Amino acid sequence: MKTKNIKIIGIVLALAAGTGESQAQGSAAAQTQFAETSGRKIAFRSFGKGNPIVLVNRFRGTMDSWDPLFLDELARHHRIIIFDYTGIGESTGTLPTDIVAVAKDVKDLCDFLQLKKTAVLGWSYGGFVTQAALFQYPDLVTHAILVGTNPPGANPHDLEPIFLERALIPVNNFDDFTVLFFEPKSEVSKAAAKRSYDRIAKRFDVSKVPAKQEIFDLYFQGGATFKTDAYHWRDQLKKTQKPVLAVCGDHDICFPVENWYALARELPSTQLIVFPHSGHGPQHQFPELTAQYITNFLQLTH
């Protein structure tokens, strides 16, 4: 009887160790899984160990669009969950045109994974979705990290025309990548762009990237909902005590950091980090440093 019990315990421990090892693997080894919820399948990957961070993507972004070095640095201390929006990449359905409905992807995925509390990090359009999740699901979202994005409502500084000129090209090349997410006037930034581009290219599946105007329009309609501030989130951002971290480049051609300057003294729980000689993707230019800032923020704010 004792021998049998020892064998059973050994099997249980081995299974547990295998699960832990899978979670501890980096982004390159993370397998795509699917959460079947509310009539659609949400594609996601999960890796790392620790308190969770759900990452919410940019316009036209898929799971492959994140810089793996940034992901792996975050995964040193956290469980990282990346996913494709409903109707984007490997997920089924149609991308909603109301940003609140898009934020339900975050809630439904967390329910599927049985996450009761999580930090949420949103980049660009994903920053809109993250702010929607912050205010729609306050019991779920513990912290919001907003990378290269705008506050809700009308902002004084608009995007530069070159952003849309490059962002709407069906298949972007390295030059587009540099203009869109880095600072082409800086040799240091351009060198960082090449390193980031090469890292991303190792797993990037261009066939999964939305490339049709009708899909672009769905994003734009969701963004318009955020800009009109129909849900009064700008006022809520001025009142919330939930920790918020805004991470920006000093020359973001999509969502200028100056829009945060206009609000800085009115936001009781928002911290702002601005990287020099950088653009719309500061976390890809400074992956290790950005990840360390985020880790410190999550550990030291409540």
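Counting only residues that are among the polar types (S, T, N, Q), surrounded by fewer than 18 Cβ atoms within 10 Å (Cβ to Cβ) and part of a strand (DSSP E or B), how many does the range 263-302 have? Reasoning before the result, please.
Filtering the range 263-302 down to residues among the polar types (S, T, N, Q) leaves 269-271, 278, 283, 285, 290, 292, 295-296, 299, 301.
Checking which are surrounded by fewer than 18 Cβ atoms within 10 Å (Cβ to Cβ) leaves us with 269, 271, 292, 295-296, 299, 301.
From what is left, the residues that are part of a strand (DSSP E or B) are 271.
Total satisfying the criteria: 1.
Give just the number: which of (1) part of a loop (DSSP other than H, G, I, E, B); (2) within 27 Å of E214 (Cβ to Cβ) does K49 not satisfy?
(2) is the only condition that K49 fails.
Results for (1) of a type in the set (G, A, S); (2) touching a helix residue (DSSP H, G or I) at 6+ places or on another chain (Cβ under 8 Å); (3) surrounded by fewer than 24 Cβ atoms within 10 Å (Cβ to Cβ), shown as yes or no for each residue.
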site	(1), (2), (3)
T32	no, yes, yes
G39	yes, no, yes
G50	yes, no, yes
R58	no, yes, no
L69	no, yes, yes
H77	no, yes, yes
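Examine the range 94-115 for a residue that is surrounded by fewer than 20 Cβ atoms within 10 Å (Cβ to Cβ), of a type in the set (S, T, Y) and in contact with a Gly (Cβ under 6 Å, 6 or more places away or on another chain), and state whether such a residue exists.
Yes, the conditions are met somewhere in the range 94-115.
Considering each of L218, L237 in turn, give the residue that is in contact with a strand residue (DSSP E or B) (Cβ under 9 Å, 6 or more places away or on another chain), modelled with pLDDT of 95 or more, of a type in the set (A, V, I, L, M, F, W, C) and in a helix (DSSP H, G or I).
Numbers: L218 fails: in contact with a strand residue (DSSP E or B) (Cβ under 9 Å, 6 or more places away or on another chain).
Residue meeting the stated conditions: L237.
Looking at (1) out of contact with any Ser or Thr (no Cβ under 9 Å at 6 or more places or on another chain); (2) within 11 Å of G222 (Cα to Cα); (3) among the hydrophobic types (A, V, I, L, M, F, W, C), which is the only condition A101 fails?
If we test A101 against (1) out of contact with any Ser or Thr (no Cβ under 9 Å at 6 or more places or on another chain); (2) within 11 Å of G222 (Cα to Cα); (3) among the hydrophobic types (A, V, I, L, M, F, W, C), just (1) comes out false.
Quick check on my filter: what residues within the range 106-123 are over 21 Å from I294 (Cα atoms) and either without any contact (Cβ under 8 Å) to a residue 24 or more places away in the chain or in contact with a strand residue (DSSP E or B) (Cβ under 6 Å, 6 or more places away or on another chain) (or both)?
From the range 106-123, those over 21 Å from I294 (Cα atoms) are 107-109, 111-114; that's our starting set.
Answer for the range 106-123, where residues must be over 21 Å from I294 (Cα atoms) and either without any contact (Cβ under 8 Å) to a residue 24 or more places away in the chain or in contact with a strand residue (DSSP E or B) (Cβ under 6 Å, 6 or more places away or on another chain) (or both): D108, L109, F112, Q114.
In the range 244-262, which residues are buried (at least 20 other Cβ atoms within 10 Å of the Cβ) and farther than 22 Å from P287 by Cβ?
P256, N259, listed by residue number.
From (1) under 30 Å from E258 (Cα atoms); (2) in a loop (DSSP other than H, G, I, E, B); (3) among the polar types (S, T, N, Q); (4) without any contact (Cβ under 8 Å) to a residue 60 or more places away in the chain, pick out the condition that doesn't hold for T178.
(2)
Of the residues A224, A191, A230, only one is modelled with pLDDT under 95 and either assigned to a loop (DSSP other than H, G, I, E, B) or surrounded by fewer than 16 Cβ atoms within 10 Å (Cβ to Cβ) (or both); which? Give the steps one after another, and end with the answer.
Working: A224 fails: modelled with pLDDT under 95; A191 fails: modelled with pLDDT under 95.
On inspection, the qualifying residue turns out to be A230.
Wholly within the range 63-149, which helices (runs of 4 or more DSSP H) include no fewer than the required count, namely at least 1 residues that are among the small types (G, A, S)? Please lay out each step first, then the result.
Details: elements: 68-74, 99-112, 125-136.
In the range 63-149, the matching helices (runs of 4 or more DSSP H) lie at 99-112, 125-136.
Out of curiosity, is H251 assigned to a loop (DSSP other than H, G, I, E, B) and on the phi < 0 side of the Ramachandran plot? Walk me through how you get there before you give the answer.
Details: assigned to a loop (DSSP other than H, G, I, E, B): yes; on the phi < 0 side of the Ramachandran plot: yes.
Yes: the conditions hold for H251.
Would you point out the residue of the range 181-232, among those that are among the aromatic types (F, W, Y) and without any contact (Cβ under 8 Å) to a residue 60 or more places away in the chain, that is farthest from L289 (Cα to Cα)?
Going through the range 181-232, the residues among the aromatic types (F, W, Y) turn out to be 181-182, 197, 204, 216, 219-220, 226, 231.
If we keep only those that are without any contact (Cβ under 8 Å) to a residue 60 or more places away in the chain as well, we get 197, 220.
Numbers: Y197: 18, F220: 31 Å.
In this case the residue turns out to be F220.
Take L134 and tell me if it is buried (at least 16 other Cβ atoms within 10 Å of the Cβ) and more than 26 Å from S196 (Cβ to Cβ). Steps first, please.
Details: buried (at least 16 other Cβ atoms within 10 Å of the Cβ): yes; more than 26 Å from S196 (Cβ to Cβ): yes.
Against the criterion (buried (at least 16 other Cβ atoms within 10 Å of the Cβ) and more than 26 Å from S196 (Cβ to Cβ)), L134 qualifies.
The values are calculated or read from the model by the stated rules, or taken from the named source; none is laboratory data. What you are looking at is a predicted structure, and each value in this text was computed from that prediction instead of being measured. FYI the Cβ positions are ideal-geometry reconstructions off the backbone, even for glycines, and counts take in every protein chain you see.
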